[in-house]
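Colleague: Okay, handing you the structure first.
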């Protein structure tokens, strides 16, 4: 089934995508975080880059990245902001189970790398859960050239994260 999505390129998020993207987010809340539809829309509005991939009205992938100017109180985002303002922070990248392996996440990241460079940012940063583990995300980010730059235990969320960066 992934061959259906191989030709889908990153694109702006359309109004008809919102419900499906929110559902995709909620289906992966363990890896990212659950958000109300209103909070999700606010996050998209704060984004340096918010892109979808897949059919209009039924996207199969999402990437949301913020720069240091975003009004966002995530402890992970704030960890990076405390260490400099020259970054694009990947808050979430999600690919539906049926579209995995089609290269959508790689294309979304390539789009982000280009936008971050164009805007003069020096690095792309993110976090990946280490407890509970997320080996697929670890392998994906390592293949893209990310390296660990820190870690934190988020007691209120019941998880531990590794902070990653890729210099541009």
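Colleague: Would you say residue 121 is part of a loop (DSSP other than H, G, I, E, B), closer than 24 Å to residue 167 by Cβ, touching a strand residue (DSSP E or B) at 6+ places or on another chain (Cβ under 7 Å) and touching a residue at least 40 places away in the same chain (Cβ under 8 Å)?
Modeller: yes
Colleague: Right, here's the next one. Report yes if some residue within the range 70-79 is touching a helix residue (DSSP H, G or I) at 6+ places or on another chain (Cβ under 8 Å), without any contact (Cβ under 8 Å) to a residue 12 or more places away in the chain, within 25 Å of residue 156 (Cβ to Cβ) and surrounded by fewer than 21 Cβ atoms within 10 Å (Cβ to Cβ); otherwise report no.
Modeller: no
Colleague: Being loosely packed, with under 12 Cβ neighbours inside 10 Å and either in contact with a strand residue (DSSP E or B) (Cβ under 8 Å, 6 or more places away or on another chain) or not in a helix (DSSP H, G or I) (or both) is the filter here; which residues of the range 35-55 pass it?
Modeller: Within the range 35-55, 36 is the sole residue that qualifies.
Colleague: Let me ask something else. Taking residue 30 as meeting all but one of (1) within 21 Å of residue 159 (Cα to Cα); (2) in contact with a helix residue (DSSP H, G or I) (Cβ under 8 Å, 6 or more places away or on another chain); (3) assigned to a loop (DSSP other than H, G, I, E, B), write down the number of the exception.
Modeller: With respect to (1) within 21 Å of residue 159 (Cα to Cα); (2) in contact with a helix residue (DSSP H, G or I) (Cβ under 8 Å, 6 or more places away or on another chain); (3) assigned to a loop (DSSP other than H, G, I, E, B), residue 30 is out only on (2).
Colleague: Mind checking which residues of the range 142-168 are buried (at least 19 other Cβ atoms within 10 Å of the Cβ) and without any contact (Cβ under 8 Å) to a residue 24 or more places away in the chain?
Modeller: If the condition is that a residue be buried (at least 19 other Cβ atoms within 10 Å of the Cβ) and without any contact (Cβ under 8 Å) to a residue 24 or more places away in the chain, then 146 is the only one that fits.
Colleague: Let me ask something else. Would you please name the residue that is surrounded by the most Cβ atoms within 10 Å (Cβ to Cβ), looking only at residues in the range 1-26 that are under 16 Å from the mean Cα position of the chain (by Cα), in contact (Cβ under 8 Å) with a residue 60 or more places away in the chain and outside any loop (DSSP other than H, G, I, E, B)?
Modeller: Here the answer is 24.
Colleague: Answer with yes or no whether residue 105 is buried (at least 17 other Cβ atoms within 10 Å of the Cβ) and touching a helix residue (DSSP H, G or I) at 6+ places or on another chain (Cβ under 8 Å).
Modeller: Criteria met by residue 105.
Every read-out reported here was derived from the displayed coordinates using simple, explicitly stated rules and does not represent laboratory data. Treat the numbers as computed from the prediction; the structure is a model and nothing was measured. Glycine gets a Cβ as well: all are built from the backbone with ideal geometry, and neighbour counts include every protein chain shown.
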